[in-house]
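Q: Here it is: the structure, laid out below.
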Amino acid sequence: MRRLLQPLWVLFALIFLIEAWLWDHLEPIVARVVALLPLRAIKAWVADRIQHLSPAWTLVVFVIPAVLLFPLKIAGLWLLAHHYWFGAMAVVVFAKLLGVGVAAFIFDVTKPKLLQMGWFRRVYEFVLMIRAHASELVAPIRERAKAMLAWLRTGSSSRWLRMVQRLRHRAQSMR
């Protein structure tokens with residue numbers, strides 16, 4: 001049973017790590033974009049208001065971006081259901097990137113208050129533990145992929161073509 005579930009756990013780990021990667025890489029970008037906006041007084045006012053909120057109300061502020069982006073995700077699903085594949089992908093990817101970026105920015109502002117809540121701190125530490133475990137689970141696959149890419153780069157294009165032909169023959173023999 002464990003052998004059967006291993007690919008599923010690797011898939012979950014990959015999805016989790018992609019989310020973590022987006023979080024890590026979009027937060028600085030969103031911070032730069034927000035810094036460029038000529039709304040310093042409004043940004044300072046929002047940061048000040050968050051500092052005066054209780055941890056529970058800070059959690060509400062943290063959840064607001066997800067609630068606001070939900071209709072956009074529903075629109076993406078509607079487009080998908082009506083076979084507008086590229087439009088659906090564009091909307092879902094835009095919503096995902098915007099949601100992760102804004103959530104990362106909001107979390108950066110609200111993190112001290114949120115971590116004052118014991119249950120939130122435990123969930124946060126649990127997520128960090130899962131992230132470390134997911135990295136360990138995916139590390140051998142990542143190393144094999146890097147080695148294969150390095151092997152393909154150093155070799156000639158004929159090596160790449162032979163590998164593709166072998167994969168095609170395997171796929172055809174399975175039919």
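The values are calculated or read from the model by the stated rules, or taken from the named source; none is laboratory data. These figures come from a predicted structure and were not determined experimentally. Here the Cβ is made from the backbone with ideal geometry for all residues, glycine too, and neighbour counts use every protein chain on show.
Q: Which ones in the range 34-58 are surrounded by 11 or more Cβ atoms within 10 Å (Cβ to Cβ), part of a helix (DSSP H, G or I) and at pLDDT 70 or above? Walk me through how you get there before you give the answer.
A: Taking the range 34-58 first, the residues surrounded by 11 or more Cβ atoms within 10 Å (Cβ to Cβ) are 34, 39, 43, 45-47, 49-51, 53-58.
Still in the running and part of a helix (DSSP H, G or I): 34, 43, 45-47, 49-51, 55-58.
Passing the criteria: W45, V46, A47, R49, I50, Q51, P55, A56, W57, T58.
Q: On the basis of being closer than 22 Å to H25 by Cβ and touching a Phe, Trp or Tyr at 6+ places or on another chain (Cβ under 8 Å), does A145 make the cut? Can you show your working first?
A: Details: closer than 22 Å to H25 by Cβ: yes; touching a Phe, Trp or Tyr at 6+ places or on another chain (Cβ under 8 Å): no.
In short, no.
Q: While we're on this one: Could you check how many residues of the range 120-149 are touching a residue at least 12 places away in the same chain (Cβ under 8 Å) and either under 16 Å from E19 (Cα atoms) or surrounded by fewer than 12 Cβ atoms within 10 Å (Cβ to Cβ) (or both)?
A: Step one: filter the range 120-149 for residues touching a residue at least 12 places away in the same chain (Cβ under 8 Å), giving 120, 130-131, 133-135, 137-138, 141.
Next cut, either under 16 Å from E19 (Cα atoms) or surrounded by fewer than 12 Cβ atoms within 10 Å (Cβ to Cβ) (or both) only: 130-131, 133-135, 137-138.
Count: 7.
Q: Which one is modelled with the lowest pLDDT, of the residues in the range 60-82 that are within 23 Å of F105 (Cβ to Cβ) and loosely packed, with under 15 Cβ neighbours inside 10 Å?
A: Once the filter is applied, the top-ranked residue is A66.
Q: I've got another one for you. Filter the range 107-119 for residues that are within 20 Å of D24 (Cβ to Cβ) and either touching a residue at least 24 places away in the same chain (Cβ under 8 Å) or surrounded by fewer than 13 Cβ atoms within 10 Å (Cβ to Cβ) (or both) and give the result. Please lay out each step first, then the result.
A: Our first condition is that a residue be within 20 Å of D24 (Cβ to Cβ); within the range 107-119, this holds for 107-112, 114-115.
Within the range 107-119, F107, D108, V109, T110, P112, L114 meet the criteria.
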